[in-house]
Each structure stands twice: as C-alpha cells, then as structure tokens.
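What follows is a single structure, written as structure tokens, with notes after it.
Values in this text are rule-based calculations from the coordinates and carry no lab data. Only a predicted model underlies this, so the values are computations on that prediction, with no experimental measurement involved. Don't worry about glycine lacking a Cβ; one is built from the backbone with ideal geometry, like all the others, and counts go over all protein chains shown.
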C-alpha cells in the first residue's frame, strides 16, 4: 500500500478530482454554517474532549458498569478481543437465536451502517457461512453492490457520481439504462430495501454512544434504516468498539449537538434512537470489540485518538483527502483520523499514511472532540523512522542534511555549490521530470548569485 | 533590547531579497539588528520527515547561536512554530527555554513587541494573502475558519494599513497551499494540485500581488505561477512592508 501512488492515480482524472474536492468542501461549508451561530460551540468541544478523556482513563470501570446495567435490562453482552472473535460471536448469535433455529431457507440479516463491522470484515465472513447480508444504508448498499469498501465513514459512496450509481442500479436493480435522476434511483433502492427489511431474521446496527449508567445505547442515522431493521427483525445485534462509552446520559446532549453538525452540518441526525432493552419475544445482543483499541490506549502519544466519534469532519476538511479520495488510504477509516489509527494496526502496511498530510492542522481545529490529529501525524512519522520504515533515500538524505546543517561552513559551501550548479545547468536538466518531481508542475526558484549571508558579509560587515 | 535576525536556510539561499527587506524594515523601525553568521536552519525539514532525532544537533546549533538575544526575529511563521513547538526533545536548559520563548515571527514581533500601528507605504495593488498554516493555526496569528467566520489576523491587520491597497476576497480563505516540506516531493501529485487550486482561487478573485508570511508556501505557489505564466507577482510580506513595489 502506497498512498502517493494511489493519490497520483486519483489525480490523473483532473475534472473528477475537482468534483470530489468541491463536493466535500460543500459539506465542510455546511458544517461551518451550522456551527458559527452557536456561541458555545468551542466550549462544547472542550467538554466533549474532557468527557472522553475521563472515560478513556476509567474505561475498565465504565465497561463493567455498562455490562452490568445492560444485563439487568435483559440484554446479552459479548466481548470480542479481535475481529475474528467478533465475527464468530455474531455468527453464533445468529445460529443460536430461537427465531432462526430450525428455519428452512436462507437466514437473512439487514445491517445499518457500522464501520466496526467493516473493520472486522464481517460481511464476507457471514456470507461464507450462508447468511444473506444486506447493508441498508443507501451509500453502503451502493458500495456493497459494487463490491467496494466505503470511501468515507459518513458518506460511504461519496466517491461516486449519480451516473455511476445509475449504472450500478441498472445492473443490480434493473433500473432503466442511463437513469441518473437521484429521486428515481432512491425510490428504486427504497422499494428494494423494503423487501429486505420485511424478510429479515436479524438486524445488526452499529453504536454511536453507549451509556454506562443506563446500559443503553444510541444509534444515529438519517435514513431510519436502523430503526426499520431493528423493529421488524426478531434479533437485534449491536456491535460497538469499546471506546464508544460515555459515563452518563446527561453527557449525551454534548455529543449529540456536536456529531451531526460536524458531520454534515445538520443540527441533529434525522433519527437519534435509544435502545435499552429487547421488546417482548425478541433478543438484543451487544458485542463489545477491542481489536487493537487496548493497544492504542497504551500508547501515551496516541491514546486520545480513541476519543473519535466518527463524524468524518476531518475528512471533509482535509485538502489531501479531498484530492486523493478515501480509497487511497486503503484502511477502513480513511483521512487524517485513519492516518493516526492505522499505524497502530500495521505500521509497515500503513507507513505512508502519516506522511499523507501537510500538517496544516485543519483536522485538529475541526475535530469536535479536539483530537490533536496533526500532532499525532507528526509523532507517528517519528515512529515510522524509528522502526526503520522510511524509504532509504529519505532516511540517508535526512541524515546527510542534518549533518550539513549542523556545520555552518559546510552549509555555506554546499549552498553556494548547489546554487552555482542550478545557475549553469540547462533548464531541461534542472527541471527533468524523471529526476525532479518538483518540476512536474512547478518551476524552481531562480538561484541568486549570492546568498543573504554573502550579501550581508559584503554590505553589513562589522555589525554583529 | 538585543535583537537577532534569523534567516531560514532556503530564504538565505534562494530569496536573499526577503532577508534584506526584513533587515531594512527592522532597522527603519529603529531596531538594532544582529545577524550571527554561524546560523543555518531550525531543523524542521528533517523533523517533519520523521527524523527529529537527526535534527537534534541542528537544534543545539540553533539554540547555541541565539542564546544571547532577547528576541530572535525571523520572516517565517513555520520556523518560529517549529522552534517553539518541537524543540521539546532536547534537554530544556535555561538557554533552550529562553530561545524557544524569544523566537518571533516578523509580523508578530512588529505588532506585539514593537507595537507598530502605522506603515507609511503606498501599495496601490490588489493583494491576495496566503495564510501559512503554521503561522495561522500553529502560532494562532490569524483566526481559523474551522473555528470562526471572522477572518481577522495579524498580517491582514498590517496590510490594511497600507495606502491604496485592496485585499482579495478568496473563495477559500485559509486552505493549505500543499507545500508541506518533503510532502511537496513525496506526494507530488496532491501537492501540485493543492497549489494549482490556490492559484486558481487568487486568479478568479483578481489577485495581482500574492503575499504571505512564509516564503516556503510562496516558493511553491510561485513555482506554479511561473509554470502557468499567470499574471501574479509573488512577494513576501517583509518586501511589501519595507516599501518594495511589484
């Protein structure tokens, strides 16, 4: 995996890059319009950050409190150390559910959006075991049809144009060839999904927030697909990363005010659904997943990345994400937050991601829970170098540069020679694109005959 | 008040006129400026590439060079930010602590230390301001659009004092230019595209002179302007404040 190579490929379509950038910038602007009028917005960010910091520092206690209260509510609580265990637990729940046992014909599951199950690769696992899995979030359904991963955590199909969706629906849902009217396409998806909801044996949802003091949890959607699935199926499985906890129900208001505004510029998601206990005759399960989170919690410099509430604002604001697309990160969570979460999972595989940033800091300023994302990008870079994952040219180039810059005379001479070379070499050599990536789209500055130091020693001598 | 001038390495080598204008501007304002000849670089290029351990000797050289001054003024928000923020990995001797506190970006120094509130310069041009991210979000020299719709900032405040000046209203007031140090090479495609998009914003909104507090961003943007032969003149803020004309 190599972010620069995938980003270059993305950029080879100039107009599509323009469109992608502008589409996400539109969402960022919508977010700005939603937060500017709220005088206490920065205070809310601070509060949210503190609540999450406190929760992470006491995660063991709150997890046990949550488990106890959820069990008292009649909810089954399961613990998964990693993605594989999570997948096996979900399969076991489905296989052992009273309403599924002895059923003839396929077992059907509807899912609302859950990045955790993407992270654990649940869909292919269940399908291999004979379960029909249908993603019911519209964007998720589109990428599921196309056998692609989501390119954004809030808008999974944001990399696709309506023409692309029209073609996909033509192939999978039989809409007329060339149909690209958003309303017609949405209606086709709606009719298709209604059928799936009615037939479903099991509904799986993600969890936006789990409340320790009540043992309840909250799922936020705009499409109502989580509610439709859960209320029709006999079994509800909710999968949550262990960092999704908040201590008290009163804390929820802080996060609910931040989440949708940061994500899409809405004051609140269309549906904010609270789940506490199973309805009569139904089952409710919660699967709490670690999958690397404890390890991240143990990394002092990176632990507060676990504050993330998955709003996607850092993606919308990131000038690199907007011009390289979610798939260029090749990780479940793309963008700046993905670039600080992924090295925890596999430093070697994701070693280019902390460098897919100019360190502009926009992500940290937009983050509703004040994760210092760009600071962590800088720190991951140091880890990448320490673990010997830098390209050799960079590693030795930087060592050489550091030596030179620590020796003024060598620096002065080196600068003079380099400028001299730039002045005499023909433009075709200094700007050869195979040798000098800078020159693909940019001119080098003219090399002056004298440096500032040389000018100073000629003109201002004796002053310092 | 003992003031040293720090000219960043790439400014020293490629933009001596920015150094000269900075020096002249400070002297005009009555500052006695010292220029320690052994200075080189703040060490940022290596550190941002993941090699801050290699940079340590450059940090020591920097703090040794500037330990004796009350203020170290530099025409770069980025280098200032680096010294203040990232020199935490070397031993925090009194000298190191002092240098980290005394390093100032030029415009910050003009406004907050010298309390300059008048710039007797005619500049009858339409000026586009490029906010460098390290100056803006790093040193908080300008408001960030992620936090407020109010676009105030230190450089803008000074620019507005020039006679005859018109400030470009950009579609995206504070989007990064895409330079990013070694990012401009390792992520060439995205870097170039970000720069092209910034220049397009300035062209669309009538910028004649493009300025900013960091020559590194401006070097990258000027590289694109010159490749595209766009009708924009790039000048560092020190040149404009010192009375240079495009």
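Note the full-extension length gain between residue B:64 and residue B:114 as 0.36 nm times their separation in residues minus their Cα-Cα distance, in nm to one decimal.
Details: separation 50, 0.36 × 50 = 18.00 nm, distance 2.52 nm.
Taking residue B:64 through residue B:114 to full extension adds about 15.5 nm, to one decimal.
Within 10 Å of each Cβ in B:179-186, how many Cβ atoms from other chains are there, averaged over the peptide?
5
Among A:229-240, A:262-273, what's the highest-first ranking by average C-beta atoms within 10 angstrom per residue?
A:229-240, A:262-273
Rounded, prolate or oblate: which fits chain B, taking a ≥ b ≥ c as square roots of the Cα gyration tensor eigenvalues, rounded meaning a/c under 1.5, else prolate when a/b beats b/c?
Oblate.
Please work out how much length the chain gains when fully extended from residue A:13 to residue A:79, using 0.36 nm per residue of separation minus the C-alpha to C-alpha distance, in nm with one decimal.
Difference between extended and current length: 19.3 nm.
Evaluate 2.2 N^0.38 Å with N set to the residue count of the stretch A:271-374, then give the Cα radius of gyration divided by it. Please report the intermediate quantities before stating the final value.
Working: Rg = 16.3 Å, N = 104, 2.2 N^0.38 = 12.8 Å.
Ratio of Rg to 2.2 N^0.38 Å for the stretch A:271-374: 1.27.
For the stretch A:310-464, what is the Kirkwood hydrodynamic radius in Å, using each pair of distinct C-alpha atoms?
18.8
With no solvent and one point on each alpha carbon, what is the Debye value of log10 I(q)/I(0) for the stretch A:133-172 at q = 0.18, 0.25, 0.26 Å⁻¹?
Calculated log10 I(q)/I(0) at the listed q: -0.41, -0.79, -0.85.
Mind checking the mean number of beta-carbon atoms from other chains within 10 Å of the Cβ atoms in A:372-381? Don't jump to the answer; show the numbers that get you there.
Values: counts 0, 0, 3, 2, 0, 1, 6, 2, 1, 7.
Mean shielding by partner chains, rounded to a whole number: 2.
Tell me whether the stretch A:377-464 comes out rounded, prolate or oblate; compute the Cα gyration tensor, take square roots of the eigenvalues as a ≥ b ≥ c, and use a/c under 1.5 as the rounded threshold.
oblate
What FRET efficiency would be calculated for the residue pair residue A:294, residue B:57, taking the C-beta separation as r and a Förster radius of 30 Å, to the nearest 0.05?
That pair, residue A:294 with residue B:57, gives E of 0.20.
How shielded is A:352-359 by partner chains, expressed as the average number of their Cβ atoms within 10 Å of its Cβ atoms?
Per residue, the average neighbour count from other chains is 6.
Per 0.36 nm of contour for each residue apart, how much would the distance between residue A:279 and residue A:396 grow if the chain were fully extended, relative to their Cα-Cα spacing?
Gain in length upon complete extension: 35.7 nm.
Summing -39500 (n - 2.57) over the DSSP H runs of n ≥ 4 in the protein assembly as shown and dividing by its residue number, what mean residue ellipticity at 222 nm do you reach, to the nearest 500 deg cm²/dmol?
On the way: 33 runs with 341 residues, N = 710.
Calculated from helices alone, the mean residue ellipticity at 222 nm is -14500 deg cm²/dmol.
Evaluated at 10 °C with a viscosity of 1.306 mPa s, what Stokes-Einstein diffusion coefficient in µm²/s does the protein assembly as shown have when Rh comes from the Kirkwood expression over alpha-carbon pairs?
58
Give me the Kirkwood hydrodynamic radius of the stretch A:67-171 in Å, from all C-alpha pairs, to one decimal place?
15.5
For chain B, set up a Gaussian network in which alpha carbons nearer than 10 Å are linked by springs, and say which option among B:158, B:114, B:129 fluctuates the most.
B:114
Taking the stretch A:1-137, how much of its Cα-Cα pair set, in percent, is spaced more than 27 angstrom apart? Write out the running numbers ahead of the final one.
Working: 5076 of 9316 pairs.
When all Cα pairs of the stretch A:1-137 are counted, 54 percent exceed 27 Å.
May I ask for the Kirkwood hydrodynamic radius of the stretch A:196-333, worked out over all distinct Cα pairs and given in angstroms to one decimal?
About 16.6 Å for the stretch A:196-333.
Would you mind pulling out the separation of the Cα centroids of the stretch A:247-310 and the stretch A:47-117, in Å?
13
Could you work out the mean projected area of the convex hull around the alpha carbons of the stretch A:311-366, in square nanometres to one decimal?
Values: hull surface 13.7 nm².
The orientation-averaged projected area of the Cα hull of the stretch A:311-366 comes to 3.4 nm².
How far apart, in nm, are the 7 Å Cα→Cβ label points at residue A:418 and residue A:36?
Label at residue A:418, label at residue A:36, 4.2 nm between them.
Say R0 is 60 Å: what FRET efficiency, to the nearest 0.05, do residue A:173 and residue A:213 get from their beta-carbon distance?
Values: r = 44 Å, r/R0 = 0.74.
Calculated value: 0.85.
Please report the projected area of the stretch A:18-97's Cα convex hull averaged over all directions, in nm².
Averaged projected area of the stretch A:18-97's Cα convex hull equals 9.9 nm².
Any chance you could tell me what percent of the C-alpha pair distances in the stretch A:339-429 go past 18 Å?
61
What whole-number value in cubic angstrom gives the convex hull volume per residue for the C-alpha atoms of the stretch A:225-280?
Here the figure is 112 Å³ per residue.
Could you work out Rg/(2.2 N^0.38 Å) for the stretch B:69-128, with Rg from alpha carbons only?
Normalised Rg, Cα atoms only: 1.44.
Can you give the direction-averaged projected area of the convex hull of the alpha-carbon atoms in the stretch B:1-137, in nm²?
The orientation-averaged projected area of the Cα hull of the stretch B:1-137 comes to 9.0 nm².
Please work out the FRET efficiency for the pair residue A:250 and residue A:96, using the Cβ-Cβ distance as r and a Förster radius of 60 Å; give the result to the nearest 0.05. Write down the numbers at each step before the final one.
Numbers: r = 37 Å, r/R0 = 0.61.
Once rounded, the FRET efficiency stands at 0.95.
For chain B, modelled as a GNM with alpha-carbon contacts under 10 angstrom, which of B:57, B:146, B:187 fluctuates the most?
The residue with the greatest mean-square fluctuation here is B:146.
Students often check this: by mean Cβ neighbours within 10 Å, which of A:368-381, A:101-114 ranks highest, and how do the rest follow?
With the highest mean Cβ count within 10 Å placed first, the list reads A:368-381, A:101-114.
Let a ≥ b ≥ c be the square roots of the eigenvalues of the Cα gyration tensor of the stretch B:125-246; is it rounded (a/c under 1.5), or, if not, prolate (a/b larger than b/c) or oblate?
oblate
Taking only the C-alpha atoms, wrap a convex hull around the stretch A:193-247 and report its volume per residue in Å³ as a whole number. Spell out each step's value before the answer.
Details: hull volume 4.3 nm³, N = 55.
It comes to 78 Å³ per residue, whole-number rounded.
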